[in-house]
Amino acid sequence: MIFLASFLAFVLVKLMPYEPFTNPKLAPSVRENLRELYGLNKPYLVQYWDFIRDLATGNFGLSTKPGNRPVREIIGETLPTSMLLGGLAFAFAAIVGVTLGVLSALKANGIVDYVITVFATLAFAFPSFVVATVWVAGKIYFPPPIGVVEVVLPYGWDTWYDRLGPILVLGLSIMPYFTRLVRASMLEALQQEYVTTARAKGLPWRRTVFRHAFRNSLIPTVTNAGPLFAFILTGSFIIERIMVVPGVADQFIESFKQPIDSRMVLATTVLLSALIILLNLIVDVVVAWLDPRISND
Amino acid sequence: MTDHGDEETPRSAREERAVTSAEAEGLFGEARSELLALSDDWAARQAAYDAADAGGVAGEQRSLIQDAARRFARNKAAMTGLVLVTIYVLLAIFVPIIQGTGDATGIFYDRANQGPSLDHLFGTDPQGKDEWLRAWLGARISLSIAFVVSLVILIVGITYGSISGYFGGLIDSGMMRFLDALYGLPYLPFAIIIVTVLSNRLPDAPPIAYMVPALSITAWFTSARIMRGQMLSLKENEYVESARASGAKPSRIVTRHVLPNTIGVMVVVIFLEVPNAILGEAFLSFLGLGVQPPDSSWGVLAQNGYTYIDAEPHLIWVPALLIASTVLAAISVADGLRDAFDPRGREN
């Protein structure tokens, strides 16, 4: 799959009108040297082979943006930030989302259920860039109260106070996913016979819910987590952009500004694909561990 | 389809082909076409039974679609959604026609940065452009992208899912493996690359020409899976078997016998993809990689609203509310359609 991703990315990037050295002041000989340095004068197949070999050795070449820093260095700086943002947002969404889902399933069709459902639906329907924009605007109108002497931008990633915004906004955009799935599977689990049995043998309601229904209701939530990671990624593109988080998604979009930094695009696309594939693998392992019946198929 | 000159009564295309293939084989020609006619009858009766069964009404004969339409009309949330989408479509068509597009293309500094008023329902932006007009010009692009993307996804999904589900076996598992592989890839980076490639290659094309491929290439997997599942379950029906027994080709069985029975699912797929496509368009345009100004779309308007958030807070709310309400409306229409076509599917 990583090969598929790298191949698709390579073909697509080669289709881009990509010519980084268009400055008319460059002497033709200098341009030729540059093209040779970046391996652009070789046939595409050779370029692809070089690209795969570089991937395997973890060397992504040099960026064509001013500074010509190694792509590996840029990604090494920005990826941890994105992982931290994504991970914390995921944790926030999982905790809040699952809690709300369980609550609304237990109080099904009551006022609590109604409020939670409306909230989750709104959180899904309002795109995260709107929420992010509102958050930034909120910080303009209501600046942080105390202990701030220097000029404070309404966004950024330097202090935990700054980080709260992106994490909350990204978390909020993925939370409805948990709420909806947990609510549906919890409702189903509560109607199962093993819940009745557990009640019949005298288990307290609270214990029945958490030991029997809740555990089983988590399985579909985990099984269907595949699209979730891609969704977090999508959200982080927007949020890193708006809230000025120095993450890898922000770098990725930056590299599309003309002249397009194709090495950065290639390396990031393949890395992100690898990351998502890896996460999906982990999900498969977790599901097999949670529910041994599935691995017997 | 070669020899139909000697037919005295007009026959359906289906019977014509049966006759052709039967005559080619020489023997059992009569018996085969008879069997075929019989199987047609069976299929019709089966469909009638299904419809009656789905409606819970015995005796009265109504089509599946009439039945679904009745149930749909009773669903308040779904009807509200449908009415809202219809209003948006009408406004998108007629507002620019009636008002002309001058207010959105010119620059009017004398009336810049106004809040909502009777003259300008949604206010004006820093260049004095009328936000109301821009919103509906944007709706033209956003909504048409969304519907075309959904249609493309549906068609691709039908084709891929039908082939995979009908033939089964190695073909099926191979095609599904491929789908799994694509499914695991993060779609946004690829969508961004595709949009960049196309918009640079086709600099003069309207936005829809590069947005639709970018958004549909990365989103047809779900619909292919759904259609495959439909195909797998429907092809076990007796009427499919009888069609196969009477020599109908796979393409004919799929298009004539199976697909008409998936119409409900198809409509649901369309409305399920509309929110994704609208959000996808908005995402890309917001990042400055999709629709580009001076073309207007809801994503472009949102980007504009973000840029002027400190001076012009109303500019972000116009596209935000339009996007959110359209997404909600499409979801409730999809839910309503699902319930209408499959009332047994909803237990809790």
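Throughout, read-outs are computed from the coordinates displayed, never taken from laboratory work. As the structure is a prediction and not an experimental result, all values here were calculated from the model. Counting neighbours? That spans all protein chains shown, and the Cβs are built from the backbone with ideal geometry, glycine included.
For the range B:65-347, the relative contact order comes to 28 percent (Cα pairs under 8 Å, sequence separation of at least 6). A dipole drawn for the range A:153-245 from +1 and -1 charges on Cβ atoms has a positive end, and of A:185, A:235, A:210 the residue lying farthest that way is A:210. Counted by neighbouring Cβ atoms within 10 Å, the residues B:220, A:49, B:132 run from fewest to most as A:49, B:132, B:220.
When the trypsin sites (Lys or Arg not before Pro) in the range B:239-348 are filtered for DSSP coil states and for at most 16 other beta-carbon atoms within 10 Å of their beta-carbon, the remaining sites are B:346. Applying both filters, DSSP loop and at most 14 other Cβ atoms within 10 Å, to the trypsin sites (Lys or Arg not before Pro) of the range A:193-228 gives A:201.
For the range B:137-192, the equivalent ellipsoid built from the Cα gyration tensor has semi-axes of 29, 16, 4 Å, listed from largest to smallest. Using the empirical formula 2.2 N^0.38 Å as the baseline, the Cα radius of gyration of the range A:79-238 reaches a ratio of 1.25.
Ranked by how many other Cβ atoms sit within 10 Å of their own Cβ, fewest first, the residues B:79, B:175, A:186, B:266 fall in the order B:79, B:175, B:266, A:186.
Cβ crowding within 10 Å, taken as a proxy for footprinting-reagent exposure, orders B:89, A:182 from fewest neighbours to most as B:89, A:182.
Convex hull volume of the Cα atoms of the range B:65-347, normalised per residue: 164 Å³.
The alpha carbons of the range A:167-250 stretch over 56, 20, 15 Å along the principal axes, in descending order. Here are some pairs, B:76/B:129; B:76/B:249; A:107/A:201; which of them have Cα atoms lying more than 32 Å apart in this structure? Flagged as over cut-off: B:76/B:129; B:76/B:249.
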